[in-house]
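Right, one structure below, let's go through it.
Laboratory data are not the source of any read-out in this text; all were calculated from the coordinates shown. Because the structure is predicted, anything quoted here is derived from the model rather than measured. Neighbour counts are summed over all protein chains in view; Cβ atoms, including those assigned to glycine, are modelled from backbone coordinates with ideal geometry.
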Amino acid sequence: MSSTTEMVLPSSVVPATWNPDTAALMEFAGLTWMEGQNRRFAPSGIMAAFIQACQRTGLDPTAKQIYAAQMGGKWTVLVGVDGMRLVAQRTGQYDGQDPIEWQATEDGPWSTVPPKAPHAARIRIYRKGISRPLEQTVTMAEFGGKGGNWTTRPGHMLGIRAETHGFRRLFPMELSGLYTAEDIDAGTYDSSEVFVVEPTEDWGALIKEADTKDAIKEIAERAKALNEFTDAVKTQAYTRYGMLNAETPPAETDASTDEPAPQEEPATPTDADYEAQAAAEAEAGR
């Protein structure tokens, strides 16, 4: 791992503990971003998985060798083909590869020049101590994607698929569970290794059961600390907060004077209180 990555790679998934360099790295890796005026963070589970993957592979997020992304509602750790090549080289066992070859039709000849509409691509990758190369063949029908570069550069994209599949087979200890964006885009990956991040707690149930506004604030703070204060959780918290305001009983009267009984001075609302009330009223008015 590069000295830069060692210096800034976080040891914690709690953003409050990050120094500026670490925060910049995590943003570059796709794990934190801005939505309007609000800073958003990936779930703590994917951040922990990403840190572990960086430590295992030694890849550098600042060079886009490894990064995280949410695709189709699921988070995963992604690597580029350059990252796979680097991991293979660092094992000391990588012994080169032959040029990628393409086939235009099922029974056609193989060529190192990609056709406009490839049927298949193959590559041979060598590992020291193994007498024969690993040969990996992929077909457009099974491994191809749609749109973007798949439309303009199908041969190039299919060649990458052949190479990355070959690297995973030849170096399973180092590269298992790591996929490229092309793998995810085409859906040809082991879905069990893609992170479906479940919340740490059932925030909706906790908010529904909260009987005071302070309890809602405490739940919200816990969710924020775990990077799980999603828009859905926020809406539930604001709505429940507004309902508790509406449920506040009227002031009791003093039977001897028919005057309202003395009440404790209410706490001064914070900006968060006003924001919660406004959001609850807007939600109720829909």
Cα-Cα P(r), the range 3-193, percent of pairs per 5 Å interval
1, 8, 15, 17, 17, 15, 12, 8, 5, 2, 1, 0
Of all GluC sites (Glu not before Pro) in the range 93-156, the ones in DSSP coil with at most 10 other Cβ atoms within 10 Å are Glu106
